[in-house]
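Have a look at the structure below before the remarks.
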Amino acid sequence: KRTGFGSSSYPAVRIYGQSPYQVAVLHGGPGAPGYMAPVARELSKAMGVIEPLQSKDSLRGQIQELAEQMKIYADEPIMLIGSSWGAVLALFTAARKSPDFSKLILIGSAVFDKQSSERIEKIRMDRLTDEQKIRFEKIKLKMANANSSEMDELVKQWGEVFDGTDNYDPIPAESDVIEIQYDLFEKVWSDFVALRDEPGRLKNEFSRIDIPVTVIHGDYDPHPIEGIRPFLQSCIKDIRFHVLPNCGHYPWNERQARDEFYEILRSEVDIS
């Protein structure tokens, strides 16, 4: 097993621990490769872990890319652990049943309907101070005329504004994100929204999943669990939910939830 390079300047995967490599952690964004590294490092203390880094700028491309990364670098059957957008990508990829997957663990998943998506922005804005709202509006104005490279930096600033809305009691840590890719985000997310808003499309897609699915979600996550739980329960027979108190969008970085999160995660991947 070696780290391989995809079509971008960063590796196609990063590999942790010793073989067999039957766990893969999937970053979110889309277009924020690298941020699941802390989870990969922690799990690799007991088992081999793959960290795929997505580079394709379409939903279809990312699904195909992930399947290929798993076939080359991982050992079947594979457990997918996806955060945010990575949770959605895990669902799409597992629905195609190739390669062979054993379980999905979805952390801080994106929501699956337009109304819940609109609630996210309101939740975030309600949590901002007046000063943060002014900064956010200034960033939005700059985004209107920004070029691609400027947009990447503005999105980074946008994320800094919303750090407090998405995290409850975060542990200070250096970011493991390799680069912010706004163009990739826009294209992939638009593909997902088109499918999300087509009646019955996602349910038909995800109802093909016949492996166990576990959802781990923070009660402070601005992505409302109401936009996740009922939908997934309607699609997937073997599914269970863990809602963590005092926890935002990234449980491994939450002071009050981190230990419980890893306890659940180790149990789910059967690490003693």
Checklist entry - Which of rounded, prolate, oblate describes the stretch 215-257, given a ≥ b ≥ c as roots of the alpha-carbon gyration tensor eigenvalues and a/c under 1.5 marking rounded, otherwise prolate only if a/b is larger than b/c? => result prolate
Item to check | the stretch 68-160: projected area of the alpha-carbon convex hull, averaged over directions, in nm² | outcome: 8.3 nm²
Checklist entry - Once amide H atoms are placed 1.01 Å from N in the peptide plane, what residues at a sequence separation of 5 or more from TYR21, or on another chain, have their amide H within under 5 Å of its amide H? => result ASP75
Next on the checklist: What is the angle, in °, between the Cα long axis of helix 85-95 and the longest principal axis of the Cα atoms in the chain? Nearest 10 is fine, range 0 to 90.
Outcome noted: 40 degrees
Checklist outcome for this item: Longest principal axis of the chain (C-alpha) makes with the long axis of helix 182-196 (C-alpha) an angle, in degrees to the nearest 10, of 70 degrees
Checklist entry - Quick one: if you take sqrt(5λ) for each eigenvalue of the C-alpha gyration tensor of the stretch 198-270, what semi-axes come out, biggest first, whole angstrom? => result 25, 15, 8
Checklist outcome for this item: Quick calc, ARG255 & ASP126: beta-carbon distance into FRET formula, R0 25 Å, rounding 0.05, result 0.65
Checklist entry - Mean projection of the alpha-carbon convex hull of the stretch 1-131 over all orientations, in nm²? => result 9.3 nm²
Checklist outcome for this item: In the chain the accessible area split gives carbon plus sulfur, as whole percent at 1.4 Å, a share of 46 percent
Checklist entry - How large are Rg and Dmax for the stretch 124-236 when only the alpha carbon atoms are used, in Å? => result 17.4, 48
Checklist outcome for this item: Taking Cα atoms only, helix 148-161 is inclined relative to the longest principal axis of the chain by an angle, in degrees rounded to 10, of 90 degrees
Item to check | Contour excess over end-to-end distance, with Cα ends at LYS237 and VAL193 and 0.36 nm allotted per residue | outcome: 13.4 nm
Item to check | Cβ-derived FRET efficiency at R0 30 Å, ASP270 paired with GLU179, nearest 0.05 | outcome: 0.35
Checklist entry - What is the spin-label model distance, in nm, from ASP219 to ARG96 if the labels are put 7 Å beyond Cα along the C-beta direction? => result 3.9 nm
Item to check | Mean separation of Cα contacts under 8 Å (6+ apart) over length of the chain, as relative contact order % | outcome: 20 percent
Next on the checklist: Pairwise over distinct Cα atoms, reciprocal of the mean inverse distance: report the Kirkwood radius of the stretch 194-239 in Å, one decimal place.
Outcome noted: 11.7 Å
Next on the checklist: Could you tell me how many cubic angstrom of Cα convex hull volume the chain has per residue?
Outcome noted: 120 Å³
Checklist entry - Stretch LYS133-ASN204 to full length: gain in nm at 0.36 nm per residue minus the Cα-Cα span? => result 21.6 nm
Checklist outcome for this item: The answer for the chain, accessible area per residue at 1.4 Å probe in Å², is 47 Å²
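The values are calculated or read from the model by the stated rules, or taken from the named source; none is laboratory data. Nothing here was measured: the structure is a model prediction, and the numbers come from that model. In this analysis, Cβ positions are derived from the backbone assuming ideal geometry, glycine residues included, and neighbour counts consider all displayed protein chains. With ligands, DNA and RNA removed, areas are computed over all heavy atoms of the protein, side chains included. Shrake-Rupley method; radii C 1.70, N 1.55, O 1.52, S 1.80 Å.
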